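Structure record follows, encoded as structure tokens.
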Ligand code: HEC
Ligand code: HEC
């Protein structure tokens, strides 16, 4: 009788032990599977291709993280009030925003959203690869008819931080659908007489009878304007800009009118670009044959 009880207790103990061990391994394995599944999902997510189409949604300067906010805000002010915040480098009456509306944050302009993700890159004008700082220096020397801010200047650094911020979430080297096309693709030859008429009828009320600018719009030619080395001085760029964006907020020109008024404005006097140094640096890595 006593022996049977002992055997019974022993059997029960062994059974409990086996059950316990089984229980332990069961939970450990389900936990492990769960964790593996989680890890798997994480890996899948990180390996997912970036969205093929960059999305236009630039963040506001004031929403920048605290550690960069002051510089982002200063960069934005330099863009929109260039004379006040970068007067030592800019020698005309324009702001960067005269052409890159709202500090380049607008879609209906030469937008700068994404430049932080698409430089450095090769540029035909220089015939070598330029980074964003060199590109900014170029707009100072030509579009602002001024002098290039040094890389370690407050102005340059703030502009770079600002442009990087408004390029947030744009995949590196993605093709930006909002980039300005090189030209209108229209073979029309400029008729300067008609261009003068378009100017007087459509543009003069904002830009002034003599292209000198008014309190509501910047100058288009003369001492206060961009120089003849600027991108806007190219017939192709000016005509695309005028056709797409002018008058501001209510573009109304036909392509032919845009080309005519381009011819007219381009024939007016403006400051001359003076190269500060050799504009061409010998390319270190030659392009493959035929390029
Ligand atoms: C008179 C008009 C004008 C003004 C003013 C101007 N820019 Fe530009 N900017 C242009 C044009 C035109 C381009 C070339 C656009 C193109 O061909 O894609 C350009 C291009 C750029 C680019 C490269 C954009 C890209 O997508 O590759 C940067 C960066 C830039 N400008 C910064 C500035 C800054 C900073 C200022 C002020 C210091 C400024 N710009 C003032 C007309 C202007
Ligand atoms: C309703 C007023 C208005 C009219 C009309 C207008 N513009 Fe503008 N334009 C502006 C403003 C404002 C800006 C500067 C944008 C800013 O600072 O946000 C500008 C900027 C420009 C610029 C780049 C900056 C510069 O001064 O070089 C060009 C080029 C330009 N306009 C061409 C034209 C042409 C060509 C016409 C006529 C077809 C025209 N605009 C008609 C308001 C106007």
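The values are calculated or read from the model by the stated rules, or taken from the named source; none is laboratory data. None of the values given here were measured: they were computed from a predicted structure. Cβ: placed from backbone, ideal geometry, glycine included. Neighbour counts: every protein chain shown.
Numbers below:
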| quantity | calculated |
| --- | --- |
| Selection status of residue 210, within 12 Å of ligand 1 (Cβ to nearest atom) and either more than 30 Å from residue 64 (Cα to Cα) or outside the structural domain of residue 262 (by TED's automatic domain parsing) (or both) | no |
| Selected residue [at pLDDT below 95 and under 23 Å from residue 112 (Cβ atoms)] from 182, 258, 230 | 182 |
| From 254, 214, residue being surrounded by fewer than 21 Cβ atoms within 10 Å (Cβ to Cβ), closer than 26 Å to residue 80 by Cβ, more than 23 Å from the chain's Cα centre (by Cα) and free of Cβ contacts under 8 Å to residues at least 12 places away in the same chain | 214 |
| Identity of the residue in region 60-79, more than 21 Å from residue 150 (Cβ to Cβ) and crowded, with 20+ Cβ neighbours inside 10 Å, that ends up farthest from ligand 2 (Cβ to nearest atom) | 64 |
| Total residues in region 183-205, condition under 29 Å from the mean Cα position of the chain (by Cα) and within 14 Å of residue 253 (Cβ to Cβ) | 3 |
| Of all residues making up region 83-99, the number that are surrounded by fewer than 22 Cβ atoms within 10 Å (Cβ to Cβ), more than 8 Å from ligand 2 (Cβ to nearest atom) and either within 15 Å of residue 220 (Cα to Cα) or in the same structural domain as residue 217 (by TED's automatic domain parsing) (or both) | 2 |
| Residue identified as crowded, with 20+ Cβ neighbours inside 10 Å and either touching a residue at least 24 places away in the same chain (Cβ under 8 Å) or farther than 25 Å from residue 273 by Cα (or both) among 159, 176, 180, 184 | 159 |
| Residue match in region 271-290 (condition: at pLDDT 95 or above, under 16 Å from residue 195 (Cβ atoms) and away from ligand 1 (no atom under 13 Å from the Cβ)) | no |
| Hits in region 231-249 - residues which are under 22 Å from residue 216 (Cα atoms), crowded, with 18+ Cβ neighbours inside 10 Å and within 20 Å of the chain's Cα centre (by Cα) | 232, 238, 240, 241, 245 |
| Any chance residue 112 is surrounded by 15 or more Cβ atoms within 10 Å (Cβ to Cβ), within 16 Å of ligand 2 (Cβ to nearest atom) and part of a loop (DSSP other than H, G, I, E, B) | yes |
